[in-house]
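See below for the structure under consideration.
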Amino acid sequence: MKKILLLALVIAGLQISAQILNPGFEFVTANKPNNYNTTFYNYNSYQIRDTSASHTGSHAAYIRGLSAASYSVQGAVLGVFSTTGLPSSLQGWYKCNIVAGDSLVFNPYVYQTTTNGQYAIAYTYTTGTTNVFKQFTAPFNYTTFPITNADTVFVSIYLSGQGVDGQGVHIPQTGTWAIIDDLQMGPDIATGINENKVVDAIENVYPQPSSNMAFMIYNLTETSVCELKLLDITGKEVKTIFNDDKQTPGKYKAEIPVYDISQGVYIAQLKVNGEIRTAKIIKE
């Protein structure tokens, strides 16, 4: 739906063992948050600047849109960081003013560069304005992109709009802006998701969003011991749907009650003989 403007700034040797990406954007040089893209090609204006209107600490990243200036103003918080394992999501805090027709997009990637550049993506966005900091979670899609490990995280957060310039870039309008702070990776999930091919796929989780009951459709290729849990965005267990359930090969439809939980984003974790698949559930 939105064309991604890929701008990379590689930060050599930067580790995120604590899962924090430049915490609070506390590292700033010349009014520009360090470790993130602040210029593009030959344009003099920079897309990201420091603001004291932070969620925590004294610094945050401010991005804006100016419809007449094309490339130089498509806001983008971008960085390349090293990681290990499979982080469940990119999380952070934002507040924004979104002009009608524009959106704030959270679209990070995790890469396995040592194995033919395999990757998994996350994608979520908002078209709503909020004057109070709000938390976002963009879960990585390991069901569609079943990688077994990741060594690189490409952080991509940008503004997009309905207007398109001569290069095909979707341009946000003047007056659209966002403040981004406290970016971090969600907790790692277990590896080995495509080693045994016991779970062919989670075909679907619906409806999205759900208010009363969500349903997960999945396939098994052999008799397996299965477990299905609902987790919050921090990885904390909210409820167990079933545990140690022996299931024969075939297609299944699992019921996940959500009527008694708070609004927000959750992770449905299906474990089959120790092999894990995850899917997002949005509770409205």
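Any read-out appearing in this document is the output of simple, stated calculations on the displayed coordinates, not a laboratory observation. Quick caveat, the model's predicted, so the values are computed rather than measured. Every residue, glycine among them, receives a Cβ derived from its backbone with ideal geometry; neighbour counts consider all protein chains shown.
At a glance:
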read-out: Qualifying trypsin sites (Lys or Arg not before Pro) in the stretch 207-280, DSSP loop, other Cβ atoms within 10 Å at most 14; value: Lys236
read-out: Interatomic Cα distance distribution for the stretch 100-163, bins of 10 angstrom, percent; value: 20, 42, 25, 12, 1
read-out: Out-of-range pairs (alpha-carbon distance over 25 Å; input Lys95/Lys271; Lys253/Lys283; Lys32/Lys236); value: Lys95/Lys271; Lys32/Lys236
read-out: Separation of the Gln263 and Gln118 label points, Cα + 7 Å toward Cβ, nm; value: 3.9
read-out: Förster radius 22 Å - calculated FRET efficiency between Thr84 and Lys236 (Cβ-Cβ, nearest 0.05); value: 0.50
read-out: Alpha-carbon radius of gyration plus Dmax, which is the widest Cα pair, for the stretch 199-283 in Å; value: 12.2, 36
read-out: Contour excess over end-to-end distance, with Cα ends at Thr130 and Thr56 and 0.36 nm allotted per residue; value: 24.9 nm
read-out: Net charge of neighbours whose Cβ lies under 11 Å from the Cβ of Phe25, counting Lys and Arg as +1 and Asp and Glu as -1; value: -2
